[in-house]
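The block underneath contains the structure these notes are about, expressed in structure tokens.
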Amino acid sequence: MSPKAKNSSFQSAKDSKQDEFYTQLSDIEKELKHYKKHFKGKVVYCNCDDPRVSNFFHYFSHNFEKLGLKKLITTCYKNQELDLFSQNKSEKAIHIEYLGDKNANNMPDLEEIGIKELQGDGDFRSPESIELLKQADIVVTNPPFSLFREYVAQLMEYDKSFLIVGNQNAISYKETFNLIQENKLWQGYKCGDMAFKVPNHYEARETRYWEDEQGQKWRSLGNACWYTNLDISKRHEELILYKKYTPEEYPIYANFEAIEVGQVKDIPCDYFEAMGVPVTFLDKFNPEQFEILGSSRTLGKPMSEVAEKGSYLQGGPRFYLPMGDGTYRRLYDRIVIRRLKK
Ligand SMILES: C[S@@+](CC[C@H](N)C(=O)[O-])C[C@H]1O[C@@H](n2cnc3c(N)ncnc32)[C@H](O)[C@@H]1O
């Protein structure tokens with residue numbers, strides 16, 4: 001193996017380890033309480049979940065009757081290393097089907113849980129996992145962050161309902177943004193700080209890392225989000241707008257014909273043309289009130305076509321505001337939206 005290939009395979013192994021972030025039961029409960037109506041009579045599939053450690057499996061197996069589920073399917077990805085958090089020392093990946101409480105103790109007991117070995121490694125893209133996916137009505141999990149795009153593409157391909165955890169940065173992926181724009185995927189309730197248990201072999205970090213009294217390692221993300229295509233009441237709530245538009249307060253970008261709205265709360269109530277808003281807008285997005293036209297990443301004209309070299313800071317595609325002295329201010333990512341007339 002060339003040093004370069006060696007390096008890149010080391011890097012990808014290192015990156016893949018960063019996928020072992022285990023979701024807390026309390027985070028699952030807080031989010032899932034908004035979706036109860038969707039689960040009655042449904043087959044739920046958790047396809048990135050070792051049932052021995054997954055709180056998704058725990059939540060659905062313990063709430064099976066309350067939610068009125070038809071079936072719970074879980075597949076566990078075969079761990080490549082022995083020291084992984086899930087302690088799965090078996091070479092075989094497993095698959096579980098739970099059909100509910102049989103002995104009336106309202107608990108999922110071992111004899112009620114059908115554990116089967118998979119032929120393959122339990123990869124969510126494997127033919128076996130895809131066969132299980134086809135049976136499912138709703139897929140709920142926290143998938144590997146590094147495979148988010150592929151994971152969502154597969155859900156779309158098989159036309160599944162889903163509720164999954166991801167990173168807010170995923171919004172900037174072209175594929176995810178297109179789905180948001182087409183109203184095929186949206187943010188769930190919680191988007192922000194979430195803490196996850198991580199395996200023992202994860203290295204200590206200066207920030208967003210700690211060990212609890214039991215020696216369990218934790219990492220947190222400041223921008224963990226739930227993504228779904230299940231209808232939620234939040235999506236029908238109108239954003240209350242009160243500010244009036246003035247050209248002075250809402251300047252037009254130098255490289256796109258839209259006004260700049262620096263904070264979601266300042267969206268003017270009397271403006272019905274294109275406006276750029278921060279990505280945090282998606283948390284308040286109601287498709288009956290607004291439409292999404294695109295993002296600064298794709299809509300912003302290259303500044304080289306608009307302004308003199310040296311008058312602006314170069315970087316990736318962004319919107320720029322003229323400062324009035326011949327220079328331009330580069331802004332963070334913006335989503336371009338338009339109010340819908342009632
Ligand atoms: C972010 S962790 C979340 C684990 C669990 N779903 C939870 O929320 O606690 C993602 C999990 O996906 C597993 N995984 C990684 N690659 C996978 C693949 N190709 N197919 C299925 N699962 C995978 C990882 O081993 C890891 O346990």
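Each value in this text was obtained by applying a stated rule to the coordinates, not by laboratory testing. Quantities reported herein were computed from a predicted structural model and do not represent experimental measurements. Here the Cβ positions follow ideal geometry from the backbone for every residue, glycine too, while neighbour counts run over all protein chains shown.
Name the residue, out of 238, 308, 65, whose mean-square fluctuation peaks in a Gaussian network model built on the chain with Cα pairs under 10 Å.
Judging by the Gaussian network model, the answer is 308.
In debye, nearest 20: dipole of the chain around its Cα centre with unit charges on the Cβ of K, R (+) and D, E (-)?
My answer is approximately 520 debye.
State the antiparallel share, in %, of DSSP beta bridges confined to region 125-240, rounding to the nearest 5.
80 percent
For the chain, with a Gaussian network of springs between Cα atoms less than 10 Å apart, report the residue from 185, 221, 147 with the top mean-square fluctuation.
147
Can you sort 330, 318 by how many other beta carbons sit within 10 Å, fewest first?
330, 318
Can you give the calculated 222 nm mean residue ellipticity of the chain, where each DSSP H run of n ≥ 4 adds -39,500 (n - 2.57) and the sum is split over every residue, rounded to the nearest 500 deg cm²/dmol?
Calculated mean residue ellipticity at 222 nm is -5000 deg cm²/dmol.
Fewest Cβ neighbours within 10 Å first, please rank 172, 129, 161, 304 accordingly.
Going from sparsest to densest Cβ surroundings: 304, 172, 161, 129.
Please give the FRET efficiency for residue 305 paired with residue 242, using the beta carbon to beta carbon distance and R0 = 25 Å, rounded to the nearest 0.05.
With a Förster radius of 25 Å, E is 0.10.
Rounding to the nearest 20 debye, state how big the charge dipole of region 237-339 is about its Cα centre with +1 on each Lys and Arg Cβ and -1 on each Asp and Glu Cβ.
Rounded to the nearest 20 debye, it is 320 debye.
Could you tell me the center-to-center distance, by alpha carbons, between region 293-342 and region 26-46 in angstrom?
Taking the Cα centre of each part, region 293-342 and region 26-46 sit 40 Å apart.
Just the number, please: Stokes-Einstein D of region 262-342 in µm²/s, Kirkwood Rh from C-alpha pairs, 4 °C, 1.567 mPa s.
94 µm²/s
Under a no-solvent Debye model with one identical scatterer per Cα of the chain, what's log10 I(q)/I(0) at q = 0.08 Å⁻¹?
The computed values of log10 I(q)/I(0) come out as -0.48.
In percent, what relative contact order does the chain have, based on Cα pairs under 8 Å that are 6 or more apart in sequence?
It rounds to 13 percent for the chain.
Taking the Cα centre of region 150-230 as the origin, how large is its charge dipole in debye, to the nearest 20, when only Lys and Arg (+1) and Asp and Glu (-1) carry charge on their Cβ atoms?
100 debye
Sorted from fewest to most neighbouring beta carbons within 10 Å, what does the list 210, 218, 186 look like?
Fewest-to-most ranking of 210, 218, 186: 210, 218, 186.
Are there cysteines in the chain with no other Cys C-beta under 4.7 Å, and if so, which?
Singleton cysteines: 46, 48, 76, 269.
Extension gain residue 340-residue 26, at 0.36 nm per residue separation less the Cα-Cα distance, in nm?
109.3 nm
Over the chain, with a Gaussian network built from C-alpha contacts below 10 Å, which listed residue (95, 34, 201) shows the highest mean-square fluctuation?
Most flexible of the set in this elastic network: 201.
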